[in-house]
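Step one of this worksheet: look at the structure below.
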Amino acid sequence: MYVDVPIELLQMNPFTAIGTDGFLITAGTSEKYNTMIASWGSMGVLWGRNILTLYVRQSRYTHQFLEQNEGFTVSFFPPEMKERLLWCGRHSGRDHDKIAETGLKISCLRGPNGDERVTFKQASLVFSCTKAAVLPLVKESFLLPEIESFYQDGDFHTIYIGFIDSILSNQ
């Protein structure tokens, strides 16, 4: 059972929740969607709204779902779920049924325009977001040479900035 969390009551450390614990990015509808683990992202305020920023490589299967849908979810899980999340990062939804193989159970939410968004019943905290901007990350934008080491294969990230529509806690 999800309950709304007012942003001013949100208690999480984004540096550990994003960078250490990891989270699932999910886009699509219950008919066709994909999810992937991520450990890159950011939260803040932009254009007068609370935002969540994702970085997804173009080669990832989830990328096409982010491109085709107006919204997405970011789902955080309790520590005991970490291996399931890692499995979602090591296997592509092109070749595997991630839900069947991990035991995750989907739950559907509605975005502000009525669009369907997918998350998971086991998630402890869910951010439901509407895409506000999509930006390609290009080599010419790097100011520090060490950043190029993340892109030796040329598989650059796309940056997705999403307005946070709701934050839900699983009670």
Filtered residues of region 115-155 (kept if polar (S, T, N, Q) and out of contact with any Leu (no Cβ under 8 Å at 6 or more places or on another chain)): SER124, THR130, SER141, SER149, GLN152
Restricting region 13-51 to residues that are open to solvent by 50 Å² or more (accessible area, probe 1.4 Å) and assigned to a loop (DSSP other than H, G, I, E, B), the residue that is farthest from SER92 (Cα to Cα): GLY48
Of (1) among the hydrophobic types (A, V, I, L, M, F, W, C); (2) more than 15 Å from the chain's Cα centre (by Cα); (3) closer than 22 Å to ASP165 by Cβ; (4) open to solvent by less than 60 Å² (accessible area, probe 1.4 Å), MET81 satisfies all except one. Which? (3)
Hey, VAL134 hits all of (1) open to solvent by 50 Å² or more (accessible area, probe 1.4 Å); (2) out of contact with any helix residue (DSSP H, G or I) (no Cβ under 9 Å at 6 or more places or on another chain); (3) among the hydrophobic types (A, V, I, L, M, F, W, C) but one; which does it fall short on? (2)
Of the conditions (1) crowded, with 17+ Cβ neighbours inside 10 Å; (2) charged (D, E, K, R); (3) free of Cβ contacts under 8 Å to residues at least 12 places away in the same chain, the single one that ARG60 does not satisfy is (3)
How about region 137-159: which of its residues are surrounded by 11 or more Cβ atoms within 10 Å (Cβ to Cβ) and either farther than 25 Å from GLN68 by Cβ or more than 14 Å from the chain's Cα centre (by Cα) (or both)? LEU137, PHE142, ILE147, PHE150, TYR151, ASP155, PHE156
For region 91-118, which residues satisfy the criterion of being under 18 Å from GLU80 (Cβ atoms) and open to solvent by 40 Å² or more (accessible area, probe 1.4 Å)? GLU101, LYS105
Please verify whether ASN50 is under 15 Å from THR130 (Cα atoms), in contact with a helix residue (DSSP H, G or I) (Cβ under 6 Å, 6 or more places away or on another chain) and touching a residue at least 60 places away in the same chain (Cβ under 8 Å), treating the condition exactly as stated. yes
Which condition number does VAL74 fail, the rest of (1) in contact with a strand residue (DSSP E or B) (Cβ under 9 Å, 6 or more places away or on another chain); (2) over 13 Å from GLY22 (Cβ atoms) being met? (2)
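The values are calculated or read from the model by the stated rules, or taken from the named source; none is laboratory data. Because the structure is a prediction, the values reported are computed rather than measured. A quick note on method: Cβ atoms are made from the backbone with ideal geometry, for glycine too, and the neighbour counts reach across all protein chains shown. For accessibility, only protein heavy atoms count, side chains too; no ligands or nucleic acids. Shrake-Rupley method; radii C 1.70, N 1.55, O 1.52, S 1.80 Å.
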